[in-house]
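> My questions will all concern the structure given below.
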Amino acid sequence: MDVWLNDDRRDVPSGTTVAALMAEHGVPERGVAVAVDGAVVPRAAWAATALVEGSRVEVLTAVQGG
Amino acid sequence: MDPLVIGGRKLGSRLIMGTGGAANLAVLERALVASGTELTTVAMRRLDAGGGPGVLALLERLGIEALPNTAGCRTAAEAVHTARMAREALATDLVKLEVVADERTLLPDPIELLDAAEQLVDDGFTVLPYTNDDPVLATKLAEAGCAAVMPLGAPIGTGLGIRNPHNIEMITAASPVPVVLDAGIGTASEAAQAMELGCDAVLLATAVTRASDPEAMATAMRLAVEAGHLAHGAGRIPRRFWAQASSPGSE
């Protein structure tokens, strides 16, 4: 199935979880936040949150600014 | 210096720094150390593949608390979402709330700002809003439960100083919460002026990070904030029209 990771299309196996997607892309454990379809997914819920066809996954981190 | 208390946190330094504009992390590190800051802003952006730990690791190593901002947000909904992402990423309830109206002025959109502030206070955030130098809006933000108000001296990055000192003074005179002069500072005298006008702290980035010598300017800003704070507390002499001799008469 296709999901969107920061606006890039990714082909992933059906039932892929947030945790699996993050691991596959080497996303660090700390200092990041994930939202799926606009709703924050707390780190503790990554493993239990399955993506579906067309899920929009946003991954943010802190950068220099302000 | 007596500590500044914002949202239950005691800060020994009244200079809040930003991290934007520094040429690299080594320059930023020297500037942050020279500034003596204990609280420093970061922005939230999409994670790029291969992005290093960067600024967060630096702040952690220096023992400086991160203050995430919502820079780039144009609506209350965007700002609330960004604040929630920052809380998740950084495990903090602090947020520098920015909701700007357009790219040319980067001035706060007061309607969206107040809306976002109300939502974030309800959601348990410690909200520090970047606001216009408008005493009425500052009062409304404080009434909404913001932990401080942060009026601009001039638009972000302009270095034009404090364009409306009387407005800033009206804000500091009436505010029930700490006032942080945020944006517009170009050089040390303007940071001192902010404190003399009764501000509780100064937040700046560009004036230091884009100075020819960021470390020296950071030192200047630290001293200016301390000097202005002391001068404000010391009670300046009234202004007189005619001279008043400071030496005894010769007769």
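> Of all strands (runs of 3 or more DSSP E) completely enclosed by region A:21-66, which ones contain at least 1 residues that are within 11 Å of chain B (Cβ to nearest Cβ) and in contact with a Gly (Cβ under 6 Å, 6 or more places away or on another chain)?
Passing ranges, in order: A:56-64.
> Hey, another quick one. Only residues that are buried (at least 22 other Cβ atoms within 10 Å of the Cβ) and among the small types (Gly, Ala, Ser): list them for region B:177-202, please.
Within region B:177-202, B:Ala183, B:Gly184, B:Ala191, B:Ala192, B:Ala194, B:Ala201 meet the criteria.
> Looking at B:Leu107 and the list (1) touching a residue at least 12 places away in the same chain (Cβ under 8 Å); (2) touching a helix residue (DSSP H, G or I) at 6+ places or on another chain (Cβ under 8 Å), which single condition is not satisfied?
The number of the failed condition is (2).
> Would you say B:Arg87 is over 21 Å from B:Leu39 (Cβ atoms) and of a type outside the set (A, V, I, L, M, F, W, C)?
So B:Arg87 does not fit the description; no.
> Considering only region A:14-53, state which residues are charged (D, E, K, R) and under 20 Å from B:Gly54 (Cα atoms).
Residues satisfying the conditions are A:Glu29, A:Arg30.
> Within region B:157-175, is even one residue assigned to a strand (DSSP E or B) and either aliphatic (A, V, I, L, M) or crowded, with 19+ Cβ neighbours inside 10 Å (or both)?
Within region B:157-175, not a single residue is assigned to a strand (DSSP E or B) and either aliphatic (A, V, I, L, M) or crowded, with 19+ Cβ neighbours inside 10 Å (or both).
> Filter the helices (runs of 4 or more DSSP H) completely within region B:1-106 down to those with at least 1 residues that are more than 21 Å from B:Ala211 (Cβ to Cβ) and either within 9 Å of chain A (Cβ to nearest Cβ) or of a type outside the set (Phe, Trp, Tyr) (or both).
B:54-62, B:76-90
> Before we move on, is B:Glu118 part of a helix (DSSP H, G or I) and out of contact with any Phe, Trp or Tyr (no Cβ under 6 Å at 6 or more places or on another chain)?
Taking the combined requirement at face value, the residue satisfies it.
Here's the yes/no breakdown for (1) of a type in the set (A, V, I, L, M); (2) in contact with a His (Cβ under 8 Å, 6 or more places away or on another chain):
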position	(1), (2)
B:Val5	yes, no
B:Lys10	no, no
B:Arg14	no, yes
B:Gly21	no, no
B:Asn24	no, no
B:Leu56	yes, no
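A short reminder: the numbers here are calculations on the coordinates, not readings from a lab. Computed from a prediction, not measured in an experiment: that's the story for all the values here. For neighbour counting, all protein chains shown are included, and Cβ atoms are generated from backbone atoms with ideal geometry for every residue, glycine included.
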